[in-house]
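Everything below concerns the one structure shown next.
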Amino acid sequence: MKNAIHFLAGIFVLGVFASCGSNKDLQERAPAQFSEAYYVYTSNGIQLNIPVVAIQDERISLDSVYFHGMKSALEKNEEQPNIYVANFRMGMGDKVMHKDPKKEYGNTPPQMPEESPFEINKDEAVLVFTQNGKTKFYKLTGIVEKE
């Protein structure tokens, strides 16, 4: 009888610890009102633009985004404060190649891949945001390429 109680207690404790690790759930409700998100190819890589129609800045902070196998921080566009921008370095652009490594100092390496915690398609991104001090995730869909 005592062994059965210890066994059940052990299973309960394992269940509690296992449920703590799976706390990453996608939110069904958007943290803000978004217009159509789009991306463009630049000389350095990809620039993802997320237009925000309305957001409660005092409760919600848009932090970063997973897109095309990479993760990048989100920043407000200086000219258009209602657009959040994420830049992904693809190793494109001009590079200085020289036998003296000191001459190659200004070259920027491509961004390292970082797997999304959720499965996403080419036209989707996972938005990482903070709401009332808690990190949450929301999937953006229908992202289009613009020229």
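Here are the numbers:
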read-out	value
Interchain or long-range residues, amide H under 5 Å from Leu74's placed H	Ser64, Val65
Ascending count of other beta-carbon atoms within 10 Å, so fewest first, for Lys139, Lys102, Lys76	Lys102, Lys76, Lys139
Spatially proximal aspartates and glutamates relative to Lys103 (Cα-Cα < 15 Å; intrachain offsets below 8 disregarded)	Asp94
Ratio of the Cα radius of gyration of the range 26-145 to 2.2 N^0.38 Å, where N counts its residues	1.19
Nonlocal amide H pairs with Val52, under 5 Å, H built at 1.01 Å	Ser35, Ile83, Tyr84
Those aspartates and glutamates that a straight Cα-Cα span of less than 19 Å connects to Lys76, excepting residues fewer than 8 apart in one chain	Glu36, Asp57, Glu58, Asp63
Pairs beyond 19 Å (Cα-Cα), from Lys71/Lys139; Lys71/Lys102; Lys122/Lys146; Lys71/Lys122	Lys71/Lys102
Ranking of Ser61, Ser72, Ser35, Ser43 by count of other Cβ atoms within 10 Å, fewest first	Ser43, Ser35, Ser61, Ser72
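Read-outs: derived from the displayed coordinates by stated rules, not from any lab. Remember, predicted model here, so these are calculated numbers, not experimental data. Don't worry about glycine lacking a Cβ; one is built from the backbone with ideal geometry, like all the others, and counts go over all protein chains shown.
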